[in-house]
Amino acid sequence: MSEVVVVGSANVDHRLVVADFPAPGQTVKAVEFDTGPGGKGANQAVAAARAGAKTQMIASIGADLAGQSLRQVLSQAGVDITKVQVSPGVPTGAAYVMVNGAGENSIIVAAGANGDLSAADLATLSPGDYVLLQLEIPLELVEEAIFKAHSRQAKVVVNVSPVDDRTRPFLGLIDVLLVNELELGQVAELIGLSAAEADVAVTARAVAKKLGNTVACTLGAKGALLVTGDELLAVDAPRVTAVDTTGAGDTFAGYLVAGLAAGDPIPDVLARAVAAGAIAVTKPGAINAVPLAAEVDRMLAKG
């Protein structure tokens with residue numbers, strides 16, 4: 001089975017639960033507050049490992065207690081952390097997450113040590129490995145990682161989040177473009193497509209055709225779809241009660257790439273990733289909400 005190599009952010013999440021998001025200039029009281037491990041890269045690495053993939057993390061953390069805690073969490077989840085570097089004098093990255101009464105979230109990220117990340121360790125990639133990237137690390141590093149991965153005949157999956165104008169030059173170099181519904185529209189606009197009147201399936205087909213890659217798009221409570229060439233596959237999400245949507249997309253990403261690396265049938269891969277994401281929203285937090293493979297199996301067995 002191919003290895004999953006996640007190059008990305010590792011943060012400490014500061015989570016505040018509020019009844020409603022504050023308006024500009026407004027002060028609101030949090031009804032709940034906690035701190036836990038997170039970062040899109042770390043979340044996705046844990047998800048891939050819990051899905052059963054041989055997973056390695058390339059990340060940068062600070063020489064602080066937060067960094068030590070993240071290393072321990074990753075290792076306990078089965079992630080290879082030998083290439084998680086420590087940046088002395090720089091704090092571990094942080095994310096400030098607000099969750100409202102509907103389980104929706106709003107996030108502010110401070111890069112910290114994530115800004116010191118290097119892609120040098122990608123030289124050890126093997127043909128057929130999957131490299132999973134996000135955009136919470138410097139964009140020049142993302143671009144370098146894409147080129148290095150292709151030079152080693154590895155597959156590249158990029159969770160284009162958050163979308164940035166500077167991503168345009170390398171969007172066509174990605175094997176699998178992973179977005180949510182909002183990000184899909186933003187990418188469509190970046191590459192000159194008009195998505196204003198088109199539904200998500202039409203937009204996904206148009207983006208995949210123009211970029212020449214596979215597009216996987218999460219649709220929240222509606223599930224997800226995947227477009228490869230002329231083929232479109234859609235999977236509905238199981239009905240669940242959402243508590244916190246913070247880590248759902250990252251859980252989907254990790255499970256999706258784990259399934260691709262294993263060479264499983266695409267319908268099964270997508271259904272499994274959707275189920276994993278659905279379970280994640282029923283729990284608070286990011287990494288702490290990522291389900292074990294056995295939990296996903298039980299949900300899928302229920303139909």
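The values are calculated or read from the model by the stated rules, or taken from the named source; none is laboratory data. Only a predicted model underlies this, so the values are computations on that prediction, with no experimental measurement involved. No Cβ is skipped: glycine too gets one built from the backbone with ideal geometry, and neighbour counts run over all protein chains shown. The area values use the complete protein model at the heavy-atom level, side chains included, leaving out ligands, DNA and RNA. Shrake-Rupley method; radii C 1.70, N 1.55, O 1.52, S 1.80 Å.
A few comments on the model shown:
- Residue in segment 40-51 that is in contact (Cβ under 8 Å) with a residue 24 or more places away in the chain and touching a His at 6+ places or on another chain (Cβ under 7 Å) present: no
- Single residue of segment 184-224 satisfying the filter (without any contact (Cβ under 8 Å) to a residue 40 or more places away in the chain and under 16 Å from residue 271 (Cβ atoms)) that is surrounded by the most Cβ atoms within 10 Å (Cβ to Cβ): 217
- The lone exception for residue 95 - which of (1) within 17 Å of the chain's Cα centre (by Cα); (2) closer than 16 Å to residue 42 by Cβ; (3) at pLDDT below 90; (4) open to solvent by 10 Å² or more (accessible area, probe 1.4 Å) it fails: (4)
- Condition check for residue 181: over 30 Å from residue 241 (Cβ atoms) and either open to solvent by 60 Å² or more (accessible area, probe 1.4 Å) or hydrophobic (A, V, I, L, M, F, W, C) (or both): no
- Hits in segment 267-302 - residues which are touching a strand residue (DSSP E or B) at 6+ places or on another chain (Cβ under 8 Å), open to solvent by 50 Å² or more (accessible area, probe 1.4 Å) and assigned to a loop (DSSP other than H, G, I, E, B): 284
One line per residue, one yes/no per condition, for (1) at pLDDT below 95; (2) buried (at least 19 other Cβ atoms within 10 Å of the Cβ):
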| residue | (1), (2) |
| --- | --- |
| 66 | yes, yes |
| 78 | no, no |
| 102 | yes, no |
| 107 | yes, no |
| 116 | yes, yes |
| 131 | no, yes |
| 140 | yes, no |
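- Test: residue in segment 12-27 that is surrounded by 21 or more Cβ atoms within 10 Å (Cβ to Cβ) and either under 19 Å from residue 121 (Cα atoms) or of a type in the set (A, V, I, L, M) (or both): yes
- Within segment 38-86, the set of residues being in a loop (DSSP other than H, G, I, E, B), in contact with a helix residue (DSSP H, G or I) (Cβ under 8 Å, 6 or more places away or on another chain) and among the hydrophobic types (A, V, I, L, M, F, W, C) comprises 51, 53, 77, 79, 81.
- You will find that of 55, 35, 82, 27, the residue that is within 23 Å of residue 280 (Cβ to Cβ) and over 16 Å from the mean Cα position of the chain (by Cα) is 35 and no other.
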